[in-house]
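The values are calculated or read from the model by the stated rules, or taken from the named source; none is laboratory data. Treat the numbers as computed from the prediction; the structure is a model and nothing was measured. Cβ coordinates were reconstructed from backbone atoms using ideal geometry, including for glycine residues, and neighbour counts include every protein chain displayed. Heavy atoms of the whole protein, side chains included, go into the accessibility calculation; ligands, DNA and RNA do not. Shrake-Rupley method; radii C 1.70, N 1.55, O 1.52, S 1.80 Å.
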Amino acid sequence: MRTKMRLLGFRGAAVKPLNEEAAAELGAELLGEALVFGVGGLCLYLEYLRQAGQSRRREEHLEQTLSDLRQGLERLQSDLDQLRAQGHAQGGAGHAQGGAGHAQGTSGNAPAQ
């Protein structure tokens with residue numbers, strides 16, 4: 001009873017002794033409430049851990065996807081550099097012919113002369 005009174009905020013209040021039946025009932029009630037509170041707190045803690053784990057896995061997945069995209073971009077960049085190097089190795093004549101051929105091909109609907 002003293003514990004319950006302290007929990008309710010009553011300090012120094014004189015409490016008369018309870019009979020055995022009332023004390024057992026009050027103790028069982030207090031124990032039950034403590035058990036419910038403990039289980040509720042444990043459930044909240046476990047849910048927090050679950051959410052933190054999901055968040056961490058989601059973050060790792062995003063980091064892996066970003067890393068894959070960066071590697072793909074680097075691979076495409078190196079392929080583009082290789083193609084540019086091949087184009088420069090063939091010389092300017094290939095570009096001029098390609099440009100002239102492209103210009104002829106774009107007239108499309110115009111009659112050939």
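A few remarks follow.
- Test result for Gln97, surrounded by 10 or more Cβ atoms within 10 Å (Cβ to Cβ), modelled with pLDDT under 95 and polar (S, T, N, Q): yes
- Residue list for the stretch 32-64, filter: under 13 Å from the mean Cα position of the chain (by Cα) and either open to solvent by less than 80 Å² (accessible area, probe 1.4 Å) or acidic (Asp, Glu) (or both): Ala52, Gly53, Gln54, Ser55, Glu59, Glu60, Glu63
- Any hit, the stretch 11-21, residues being touching a residue at least 24 places away in the same chain (Cβ under 8 Å), surrounded by 11 or more Cβ atoms within 10 Å (Cβ to Cβ) and of a type in the set (A, V, I, L, M): no
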